Each structure stands twice: as C-alpha cells, then as structure tokens.
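Before any comments, here is the structure.
The values are calculated or read from the model by the stated rules, or taken from the named source; none is laboratory data. All figures in this text were calculated on a predicted structure; none of them were measured in a lab. Quick reminder, even Gly has a Cβ in these numbers, built from the backbone with ideal geometry, and neighbours come from all protein chains shown. Accessible surface areas use protein heavy atoms only, side chains included; no ligands, DNA or RNA. Shrake-Rupley method; radii C 1.70, N 1.55, O 1.52, S 1.80 Å.
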Amino acid sequence: MKQMIQIQGLQKSFKNLNVLKGVDLAVEKGSIFALLGSNGAGKTTLIRILATLLPSDSGSASVAGSDVSVDPDRVRRAISLTGQFTAVDDVLTGRENLVLIAKLRHLPQPQRIADELLERFNLTEAANRRAGTYSGGMRRRLDIAMSLIGNPEVIFLDEPTTGLDPEGRIEVWNTIKALANSGTTVFLTTQHLEEAEQLADHIAILHEGKIIANGTLDALKRLFPPAKDEYVLKQPTLEEIFLSIVGGKE
Amino acid sequence: MNVTRTHPFSDMFVMLGRSMRHIFRSMDTIITVAVMPIAMMLLFVYVFGGAMQVGNGRYVDYLLPGILLIAIANGVGYTAYRLFLDKQRGIFERFRSMPVARSAGLWGHVLSSLVSNAITVVVIVLVALLMGFRSSAGALGWLAVAGILILFTLALTWLAAIAGLSAKSMDGAIAFSYPLVFLPFISSAFVPTETMPSVVRAFAQYQPVTSIVNSVRALLSGNPVGSELWIALAWCLGIMIVAYLFAVRAYQKNT
Ligand SMILES: Nc1ncnc2c1ncn2[C@@H]1O[C@H](COP(=O)(O)OP(=O)(O)OP(=O)(O)O)[C@@H](O)[C@H]1O
Ligand SMILES: [Mg+2]
C-alpha cells in the first residue's frame, strides 16, 4: 500500500459555517506530510475526521486502507492522535500515563514500554511526578510519547510544537524525523512555514476550505518565491541566536 | 464485516484503576465527602437530638439512613467533576481515537463512584457505632441495606454523569448535586413526616428519599419493611435506568 491517507472531496460544515469545502489529499506511506493553514482554516477539523472523531458531511477519507466512516475500528488500530491541546492525565504520574495507554493497547510489558519512552523523551527524572506538575513542554512531550505507544502506522500531530521553546521544538522535530525514518507515516498541522520546511516531504496549504497548494517544498517555493525567502531568512537567525545563548551558558 | 477485537472488560478495569488512583490521590475529597455528613450527624444527635420526637428509639439509629444518603449525594458530585474534566481536557477524545471499548471510559468512573461511596458509607457507619448506633439487623438485613445503597449510588452516579458530561462549566457540573443533598431534609430522614404542614408533608411522603430512608431504617432496626421497600427499589431502578439512558446519550454526543 503506497497511499496511507486518501481524501477525496471531503466536506464538513458546522451549522452554517462551511469549514471544509471539498478537500482532496493523498499521503504516501512513510512520509511526513504537513498541513498548513491559519487559525480557523479547518486543520483540526480535518484531523478529527481522519482520526474517526468527527463524521464528515460528504466525500471520502481512508487511512491505512480503511474508510474512516465505514470501518473506524480498524482505522483506530492503525493510528494515533496527538490533539492540538495536550491530553494527559494530570493526577497520574508521567510513567502511569504511559502505562495506562500501553495497557489500553493490550501490549505486553507496559512498564518497560513506559521506561523506554521516558528515557527517549527526557522525562526519566520526572517520571514519578504527577503530570500536573510538568511544564508545558514536558506535558507536550509526554503527550507525544503516549501517542507512540504501540507503534501505530500513522500518527496525527495537531500543532505538535505550539508552546514549546526552541530546544523542545527541535527535540520534537527529531522525534518526528526518526519516526518517518522507521516507516511511520506522519500527518501534522502547523501554522509555521518554517516547521513544515524543516520536516515535511510534502506540504499542503488549507485555505478557505480548500487545498490551495500541495507539493514538495521545492515545488511550493517555485510558487511563492519572494515572500518565502524573506521569512526563511529571518526566522532561523533569531533561533540561532537564542540557541547559542542558551547553549553557551552550559 | 471484519471481526474487531475489543476488550470491554479489561479496558473497563484499566479505567477503573485509573479512577481509583484519582480518588486515592485526593484523600481530601474522600474526607470532604465523609466529613460533612458526619458533622451533620454530630450536630443533629448531640445538639438537636434531645428535642427530636422520633418514637422511643435512639435518635442516631433514626438519623443514620438519611445521613448515608446525604453522603452519597455529596459523593457523586465528584464523579460529575471528574467526568467533566475528562471531557474538557480531551482525555475521552484521546481514548476514543484508540481501539478501546467506548463504554470503558464511562464505566470506569461509575464503578469507582461505587467503590468510593462504599468507603464513605463504611466510615460513617463506624462513626455512628461510636456514637451509640446499634442495629439488630442480621446478615440478610445488612445485605439488603447494601443492595439498596448500591442501587441508590448507581442511580445518583448516572445522574451525575449526565451533569458532568453535558455541563458547559465546572460549576454547572457540580451544582446538580446541591438539590440532591437538600432532598433528605424534606423527607423522613430527620423527623417523621407527620409533624410537617400538609403541603410539605405531601411532598415529603412521596419523594424517593422517604421510601428509601424508611426501608433502610426498618431493615437496620430489624422491623418488617413492607411495601415501602418496593417503592424504594422502584425509585432507584427507575431513576437509574432513565439517567443511564440520558448519560449514555450525553457521552456519545459530547465526548
Ligand atoms: N464543534 C464545532 N462546532 C462549531 N464550529 C466548529 C466546531 N469545531 C470547529 N468549528 C469551527 O470550524 C472552523 C475551523 O476550526 P478548526 O479548529 O478546524 O481550525 P484550525 O485550522 O485547527 O484552527 P487553529 O489553527 O486555530 O487550531 C472554526 O471557525 C471553528 O470555529
Ligand atoms: Mg486547530
């Protein structure tokens, strides 16, 4: 199976608000796909439909070969979702959160799975503290770690780096790249062009309910040359400065 | 159709484990739930008790059933609170995007409500024993009392679930339990209904708390229960079934 996600003519409205007006997309297995769009463009709505949380009005969407409306159970078996807003259990510790998900996925050795992920996401020291005491970045990392349990074929990440500091962002980026290298398909949304640039094999822009651009970074660059160059030149400099200061202190 | 594996029971126990952790991590909630009714029991027995005319038994024996119901009504407020949090924080949504039995998330909360209310009830009964409460009920009588209280807890828990799952704010989620806590006051829980003015008495005699309180009281004192027991059971089962249906609907709609 080459196309992990296929979307055709997908429409969705909330009462009178037409959010998706016929979206067509295809995402290849093992690739990182970035969906860009401004606030309210409908990115979360699209992800929620793909993750079987929301029914669409018309059109079709299939994930890992199963239609999301016909066979949601099979889709759920293949996917994992990290929603826009961190969904961790504040009362449980970091480790308990991970163990909980591993148990719900009926995996053997949930404790070992938790330990591995804690290590990988630099949460080992905070493992036995309640997640409610974590910083925003730590919560987000725990959230993403919970999504990786069970090695899903497709991972949806809705604005995974919003609210993270540059270091945290780069950590998440590296995780995402490693996932794709191991064959996982990653579908993420972002509001930052630069994030899409860093990560994505394919980028699509959702605007006013439709995909107005879709292709590789190079293809998109050819579409909007001037605006893009300027943005790209400015942003990394700020970050580099920040990183060098933070790094220099240690 | 393809066959999909779901594990509703093991999922439910995992969820129950999670909810129980929540409860035991916030011992303050268990204490708050138990302390208010215990304080009320002390107040009524030692301050008002001398003036209460409830026949020739001990007043604490008379009072205990109502106090237990108040404690349960108070306790299910936390279930509404926890359900609301899970809904609002996207926890239910996370479970829903996973291959987890859909019912497990809800039942985990409901079962943990049963467990935590049972703990509260036991604590209050122990305090009542210290205060001189004595029961002549046999094992069967206690079993029947436990059964009624379990049904009552389930009925109120499902009501709490409706509130927690459909509330738009935390205050709304919790506020539903206030009238429930108040209902025992206009019943036979504290004083016999015979002394009330006729309009109040009519309400008091026909509302569910009175029949439940009277049944539990009769069972605990080893007296014959009579038809009140069936009325009490009918109330509990009726509320439970209707509330269950609405709660499940709210769960499907709002999570
Ligand atoms: N359940 C809902 N009921 C009514 N309107 C909704 C609902 N969910 C989303 N909307 C509306 O649909 C539009 C798209 O929302 P969506 O959350 O998909 O945008 P988004 O691209 O994710 O935005 P953001 O970048 O701010 O996260 C918004 O106008 C939003 O108000
Ligand atoms: Mg969004």
Residues B:PHE182, B:PHE203, B:PHE176: which one is within 15 Å of the chain's Cα centre (by Cα) and open to solvent by 80 Å² or more (accessible area, probe 1.4 Å)? B:PHE182
Close pairs (6 angstrom Cβ cut-off, 6 or more residues apart or separate chains): closer than 14 Å to B:GLY105 by Cα in the stretch B:237-252, crowded, with 19+ Cβ neighbours inside 10 Å anywhere: B:ALA247/B:TRP158; B:ALA247/B:ALA161; B:ALA247/B:ILE162; B:ALA250/B:ILE162; B:ALA250/B:LEU165; B:ALA250/B:SER166; B:TYR251/B:LEU106; B:TYR251/B:LEU165
Counting just the residues of the stretch A:173-193 that are open to solvent by less than 60 Å² (accessible area, probe 1.4 Å) and within 16 Å of ligand 1 (Cβ to nearest atom), which one comes out nearest to the other protein chains (Cβ to nearest Cβ)? A:PHE187
Return the residue satisfying two criteria in turn: it lies in the stretch A:194-215 and is β-branched (Val, Ile, Thr) and open to solvent by 20 Å² or more (accessible area, probe 1.4 Å), and of such residues it is nearest to the chain's Cα centre (by Cα). A:ILE205
Just give me the residues in the stretch B:12-27 being surrounded by fewer than 19 Cβ atoms within 10 Å (Cβ to Cβ) and in a helix (DSSP H, G or I), in sequence order. B:PHE13, B:GLY17, B:MET20, B:ARG21, B:PHE24, B:ARG25, B:MET27
What are the residues in the stretch A:176-193 that are away from ligand 2 (no atom under 16 Å from the Cβ) and within 11 Å of the chain's Cα centre (by Cα), if any? A:ILE176, A:THR185, A:VAL186
Just to be sure, is A:GLY22 within 16 Å of ligand 2 (Cβ to nearest atom), on the phi > 0 side of the Ramachandran plot and either surrounded by 24 or more Cβ atoms within 10 Å (Cβ to Cβ) or away from chain B (no Cβ under 14 Å) (or both)? no
Quick check on the stretch A:33-50. Is at least one of its residues within 14 Å of chain B (Cβ to nearest Cβ), surrounded by 15 or more Cβ atoms within 10 Å (Cβ to Cβ) and more than 9 Å from ligand 1 (Cβ to nearest atom)? yes
Does A:LYS29 satisfy being of a type in the set (Lys, Arg), within 16 Å of ligand 2 (Cβ to nearest atom) and under 16 Å from the mean Cα position of the chain (by Cα)? no
Return a yes/no flag: does the stretch A:162-172 have any residue that is open to solvent by 20 Å² or more (accessible area, probe 1.4 Å), more than 12 Å from every other protein chain (Cβ to nearest Cβ), within 14 Å of the chain's Cα centre (by Cα) and of a type in the set (S, T, N, Q). yes
Test B:TYR46 against the criterion of being part of a helix (DSSP H, G or I), open to solvent by 10 Å² or more (accessible area, probe 1.4 Å), more than 9 Å from every other protein chain (Cβ to nearest Cβ) and within 23 Å of A:VAL88 (Cα to Cα), and give yes or no. no
When the stretch B:176-226 is examined, which residues are found to be without any contact (Cβ under 8 Å) to a residue 12 or more places away in the chain and assigned to a helix (DSSP H, G or I)? B:TYR178, B:PRO179, B:PHE182, B:PHE185, B:GLU194, B:SER198, B:VAL199, B:ARG201, B:ALA202, B:TYR206, B:ALA218
Given (1) within 16 Å of ligand 1 (Cβ to nearest atom); (2) within 26 Å of A:ARG139 (Cα to Cα); (3) out of contact with any strand residue (DSSP E or B) (no Cβ under 8 Å at 6 or more places or on another chain), identify the lone condition not met by A:LEU54. (3)
Is it the case, given these coordinates, that A:ASP115 is under 24 Å from A:GLU194 (Cα atoms), away from ligand 1 (no atom under 16 Å from the Cβ) and not in a loop (DSSP other than H, G, I, E, B)? no
Every residue from the stretch A:142-156 that is in contact with a helix residue (DSSP H, G or I) (Cβ under 7 Å, 6 or more places away or on another chain) and open to solvent by less than 40 Å² (accessible area, probe 1.4 Å): A:LEU142, A:ILE144, A:ALA145, A:MET146, A:LEU148, A:ILE149, A:PRO152, A:VAL154, A:ILE155, A:PHE156
Scan the stretch A:195-220 residue by residue and report those that are more than 16 Å from ligand 1 (Cβ to nearest atom) and touching a residue at least 40 places away in the same chain (Cβ under 8 Å). A:LEU199, A:ALA200, A:ASP201, A:HIS202, A:ASN214
Could you tell me whether B:VAL145 is under 28 Å from B:ALA39 (Cβ atoms), open to solvent by 20 Å² or more (accessible area, probe 1.4 Å) and among the aliphatic types (A, V, I, L, M)? no
Residues of the stretch A:103-127 that turn out to be farther than 15 Å from B:MET15 by Cβ and either within 9 Å of chain B (Cβ to nearest Cβ) or aromatic (Phe, Trp, Tyr) (or both), as a count: 1
Which pairs turn up if I take residues in the stretch A:62-74 that are more than 10 Å from chain B (Cβ to nearest Cβ) and look for partners that are not in a strand (DSSP E or B) with beta carbon separation below 6 Å, at least 6 apart in sequence or on another chain? A:VAL63/A:LEU50; A:VAL63/A:VAL75; A:ALA64/A:ALA78; A:ALA64/A:GLU153; A:GLY65/A:MET1; A:VAL68/A:THR52; A:VAL68/A:VAL75
Any residue at all in the stretch A:79-102 that's over 20 Å from A:MET138 (Cβ atoms), away from every other protein chain (no Cβ under 11 Å) and charged (D, E, K, R)? no
So, of the residues in the stretch B:74-94 that are without any contact (Cβ under 8 Å) to a residue 60 or more places away in the chain and facing chain A (nearest Cβ under 7 Å), which turns out to be farthest from A:PRO152 (Cα to Cα)? B:ARG89
